[in-house]
Structure formats: structure tokens, C-alpha cells
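First up is the structure itself, then whatever we jot down about it.
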Amino acid sequence: MTVLVYSEEYKKHDEISHPENQSRLNAMLKYIDKEDSLRDLDIVSPPAASKNHILKVHSKSHVNFIKDLCIRGGGNIDFDTYTTPDTYHVAKISAGGAITASKIVLESDQSAYSIGRPPGHHSNSERSMGFCIFNNIAIAIEYLREVYKIKKFLVLDCDVHYGNGTADIFYHDPSVLYISIHQDPRTIFPGQGFVEEMGEGAGEGFNLCLPMPAYSNTNDYIYILEKILKPVASQFKADFHFLDIGFDGHSNDPLSNTNLDDDFYPWITTQMKEIAHKIALILEGGYDHETLGRCNVKVLNALNNHNENNDYDVDLSHVSEETKSLFKTIEDNFSPFFEF
């Protein structure tokens, strides 16, 4: 059975008028509680990540800025990103959730899912942005490197927004293959994540952007991912696999123009489990509460092999010509690095 990593402390980082608030997790937990197949789900409360582990990713000035802002009572960092008096403490626990989920995967025969908040993938080493305070998944990667001596990581990020913070942190690092499938950055925050953003120096070729046209559907996403994900994973041969999962690409979500349906989320979960027997999932976005709750039950059932069928037959008549052209562009750009 998959382990869910969650802390009641997350409630202390909360601004009810902001789309990223505790009601997101409340909806998820409500749906999970009602699902018979998840009655025996283990829920583990994580400790906070230490400041030293956070400093493996973030600058001292950035960490102290967040700490001091919260001591002064909190406030907005930018137009999108807020803090409360407790945010520094809660953000350390959210990073600790990613670490805890990773340790469970390494030390048991189970997958684990950290539903930490605030989320993390937009935060780079120097700055919080896009609802994110500290980069949870990057902190977990550096922890695994230091403590468990893990050498190679694959991160698949399927939040509708490009994880510019994660990409930036590992942009020169050939040991972290970051694959992000997201809405075309010309049409959505953060305005980055084009195919040509491939990494630099030793990291060139290890930042793989799949910028999907606005209004892409599940057929479009699966068409691209079936051609790329398993071939790239088999060539890279990671030692540890993360699914950085956001639900804001769903057609019901108010913050995007992407038209995924419920079927996509158990499908991508199953694909990752076929690549790696056990995986660590880290929650990012998703702002329609009913969709978030419903789809997370499907993800957990897929992790626990309770879904009867997570196959998906792509209807080519519903795959856009833009999507087909995008694959050709990706194939051409990455031909020196991977074969598709």
C-alpha cells in the first residue's frame, strides 16, 4: 500500500482568498476518506527539513529573507506568492515531506506520495515565486545525494506550469534528467519552458521541455509521452524516480487552458510505475477542489494497482497537428542526446 505523507501543520500556511490554500488538501483528504479501497492507507507526518538541508539548494540570503519576513508577520513576496507568520516553519515541513516520501521509497517496497504545501517547483535558489517558497523536490534530491549516495535522478513534472525553479537549479547537472510537460509558455506563467531550453554545459540535453499547445487534451499529452518517456528513461537509467504531479492541467482547473481529463492522471502514474517499480510523488498544483480530490483517488488506486485498466488508446483524430509537429521538433533538437 502506498504511504501518504501529510502534516496538519500545513494548515498554518493559509490565505483563503488565494487559490493555493489549505482547502486543496482538505478536499483531497475528504475524497480519500470516502474511498473504500484506501481504508488502510498509511498516513505519515513528516519532520521539518533542517536548515542545513535547505541550504544545499537555496542561498542563505533567500532562506533568511523568508524567515525574517515571517517573523515580522508575513506578507506578499510578489503578486502571486504570500507568507503567513508560520510559512517558514510550514515550508520546512513541506520540504521534509518530500524527503520523507523519498526515504520511504528507498527503505521499503512501497511508493510514497507527499502532499506537502506550499508547493515548490517554481522556487529557485534565490527566489520564491509562483505560490512556491522552497523547492521541495530539489531539497529531497540533494538529501538523497548526500545521505544515500544516489547518483542519477529522473523527474517527470506534469504540472501545467513549467517548473522553472527545478530546471534552473539543475540546469548544468547531467545527473538530474528533468522532463516537464506543460502548457505553451507563450500562454501561461512563468513564460519559460521552450524546447530550446535544454540545459547548459555538462547539463545540456538533460532539461527536456514538452511545451504543449494551449487547449491540448489527454490524447495530445499521451501521444507525446508515449513517444518520449519510456525511451528516454531506458537510455538515462536513473537510480531514483520522481513524479512531480500537478492537477492544474485538467479541463476544470481555473488557472490554465489545457483540457486533460480524469483518465490522464492514473495513466501517467501507471507509466511511471512501469518505468520504476516504486516512485516518490510530490504534489504541485491543482486548484479545482472536486477535481483534485477525485483525481488523487485515481492516482492512489493506480499506485496500489486497484484500477482495473489504466491503458489509454490514443484517438489520432483528436491529436492536433501542432502536437505532431512539436514531437518532430523535440526529436530533432534532442537527437544528439536521446533516440525516440
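Data table
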read-out	value
Some residue of the range 46-62 being closer than 23 Å to residue 112 by Cα, in a loop (DSSP other than H, G, I, E, B), out of contact with any Lys or Arg (no Cβ under 9 Å at 6 or more places or on another chain) and among the hydroxyl-bearing types (Ser, Thr, Tyr)	no
Matching residues, the range 262-319, being under 22 Å from residue 10 (Cβ atoms) and of a type in the set (Gly, Ala, Ser)	280, 285, 286, 293
Within the range 90-117, tally of residues that are farther than 16 Å from residue 141 by Cβ and either part of a helix (DSSP H, G or I) or charged (D, E, K, R) (or both)	7
Selection from the range 173-205 of residues that are over 19 Å from the mean Cα position of the chain (by Cα), surrounded by 18 or more Cβ atoms within 10 Å (Cβ to Cβ) and within 22 Å of residue 220 (Cα to Cα)	none
Meets criteria (modelled with pLDDT of 95 or more and in contact with a Cys (Cβ under 7 Å, 6 or more places away or on another chain)) for residue 216	no
Selected residue (only one of 66, 32 is assigned to a helix (DSSP H, G or I), over 22 Å from residue 287 (Cα atoms) and in contact (Cβ under 8 Å) with a residue 60 or more places away in the chain)	66
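Listed here are the residues, each with its yes/no results for (1) within 20 Å of residue 207 (Cα to Cα); (2) in a loop (DSSP other than H, G, I, E, B); (3) hydroxyl-bearing (Ser, Thr, Tyr).
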position: 299; (1), (2), (3): no, no, no
position: 312; (1), (2), (3): no, yes, yes
position: 317; (1), (2), (3): no, no, yes
position: 322; (1), (2), (3): no, no, no
position: 325; (1), (2), (3): yes, no, yes
position: 329; (1), (2), (3): yes, no, yes
position: 335; (1), (2), (3): yes, yes, yes
position: 338; (1), (2), (3): yes, yes, no
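This table checks each residue for (1) more than 24 Å from residue 98 (Cβ to Cβ); (2) without any contact (Cβ under 8 Å) to a residue 12 or more places away in the chain; (3) under 17 Å from the mean Cα position of the chain (by Cα).
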| residue | (1), (2), (3) |
| --- | --- |
| 235 | yes, no, no |
| 243 | no, no, yes |
| 254 | yes, no, no |
| 281 | no, no, yes |
| 289 | no, no, no |
| 296 | no, no, yes |
| 303 | no, no, yes |
| 316 | yes, no, no |
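The values are calculated or read from the model by the stated rules, or taken from the named source; none is laboratory data. Keep in mind that what you see is a predicted model, and the values were worked out from it rather than measured. In this analysis, Cβ positions are derived from the backbone assuming ideal geometry, glycine residues included, and neighbour counts consider all displayed protein chains.
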